[in-house]
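Structure first, commentary second.
The values are calculated or read from the model by the stated rules, or taken from the named source; none is laboratory data. None of these values were measured; they are calculated from a predicted model. We place every Cβ from the backbone using ideal geometry, glycine too, and count neighbours over all the protein chains shown.
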DNA sequence: GTGATTGCAAACCTTTTGCACGCCA
DNA sequence: TGGCGTGCAAAAGGTTTGCAATCAC
């Protein structure tokens, strides 16, 4: 997973914020860093718990609003879930998801063959597609029924 | 959308309930029917509003619990969302989703070419895949930026 | 009859909102 | 300085839980 994060730099973060007229605050930087460092699609609360260690005074609200703001400008993603709190992702690489229907975990994977997924013509005409993802559902390693 | 629903019969519903030792109650039948008739991935509350017309005494709880129970035995699906309440789907056909990042709508589509999506070998070894879905993100017809 | 299911109410968790203060540009 | 962003507190929305009464089998 480590290499997935190579593309992120704080400089880039600052640049993108400027483009969108967003102020650079220590809180925003901290939230973004925490998200980039995680590979577990954390919820706002998980990020909050992490950031609080360095920023004891930060509020949950700020974390949540920052995540929504960053998602709004496309700097991070909101990940599809099957219930429960929103989960976020700073992984900008083309990747796909395994979803365990038992424990709810969402696991990233990359797969070249999915890169060229075509979009049906009728859809491309009406719908401006900005992202494609394959979601595989099933039971993860830990949740397989034992015999 | 009409044809998507052809496969559903109450007989089948009853049969599956029996297999799983679930009792057939009027509430369960009503909830299931309401879901089958909808093509909009309704939330528990949307189903509740519908069923209430015929069943003024049904409680939101019963609706919600019924949906979770049916999802638990695989008779219906919980649909991936990007925040907000759980959404359900009784469409058992192989289909895929358009997700509008603006209004949040999730739209079904079918596409033959996605039927044969391969699963990476490393994943097939560890992960018991029970479903595959392509999720396209973007702006729907209504939400396209106007010029 | 008996155990599963329902309806109700309270509790819980996440997200949203309004506002005054403080900080970044 | 001006306005955006933060922290706080309250409200709103969705989901879960416990329990007594009821219903399907």
Inset, instruction - Take residue A:12 and decide whether it is outside the structural domain of residue A:106 (by TED's automatic domain parsing), assigned to a helix (DSSP H, G or I), closer than 28 Å to residue B:138 by Cβ and more than 11 Å from DNA strand C (Cβ to nearest atom). - result: yes
Inset, instruction - With the condition kept exactly as written, say whether any residue in the stretch A:64-83 is modelled with pLDDT of 90 or more, in a helix (DSSP H, G or I), more than 13 Å from every other protein chain (Cβ to nearest Cβ) and closer than 24 Å to residue B:138 by Cβ. - result: yes
Legend entry - Scan of the stretch A:103-114 for residues that are within 9 Å of chain B (Cβ to nearest Cβ) and part of a strand (DSSP E or B), ordered by number: A:107, A:109
Inset, instruction - Filter the stretch A:15-33 down to the residues that are in a loop (DSSP other than H, G, I, E, B) and touching a residue at least 12 places away in the same chain (Cβ under 8 Å), then identify the one that is farthest from DNA strand C (Cβ to nearest atom). - result: A:20
Inset, instruction - Exactly one condition in (1) more than 9 Å from chain A (Cβ to nearest Cβ); (2) outside any loop (DSSP other than H, G, I, E, B); (3) surrounded by fewer than 13 Cβ atoms within 10 Å (Cβ to Cβ) is not met by residue B:88; state its number. - result: (3)
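So that you can scan it fast, the table gives a plain yes or no per residue for (1) more than 10 Å from chain A (Cβ to nearest Cβ); (2) under 15 Å from residue B:40 (Cα atoms):
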residue: B:92; (1), (2): yes, yes
residue: B:97; (1), (2): no, yes
residue: B:101; (1), (2): no, no
residue: B:116; (1), (2): yes, no
residue: B:120; (1), (2): no, no
residue: B:124; (1), (2): no, no
residue: B:130; (1), (2): no, no
residue: B:133; (1), (2): no, no
Inset, instruction - Could you grab me the full set of residues in the stretch A:34-52 that are surrounded by fewer than 18 Cβ atoms within 10 Å (Cβ to Cβ) and either assigned to a helix (DSSP H, G or I) or within 12 Å of DNA strand D (Cβ to nearest atom) (or both)? - result: A:37, A:45, A:49, A:52
Legend entry - Identity of the residue in the stretch B:59-71, closer than 21 Å to residue B:14 by Cβ and within 12 Å of DNA strand D (Cβ to nearest atom), that ends up surrounded by the most Cβ atoms within 10 Å (Cβ to Cβ): B:63
Inset, instruction - Please give the number of the condition residue A:74 fails out of (1) more than 12 Å from DNA strand D (Cβ to nearest atom); (2) in contact with a strand residue (DSSP E or B) (Cβ under 6 Å, 6 or more places away or on another chain). - result: (2)
Inset, instruction - Check the stretch A:87-97 and report whether any residue there is under 24 Å from residue B:135 (Cβ atoms) and within 11 Å of DNA strand C (Cβ to nearest atom). - result: yes
Inset, instruction - Quick one: count up the residues across the stretch A:53-100 that are without any contact (Cβ under 8 Å) to a residue 24 or more places away in the chain and under 20 Å from residue A:24 (Cβ atoms). - result: 9
Inset, instruction - Could you tell me whether residue B:58 is within 14 Å of DNA strand C (Cβ to nearest atom) and either in a strand (DSSP E or B) or more than 13 Å from the chain's Cα centre (by Cα) (or both)? - result: yes
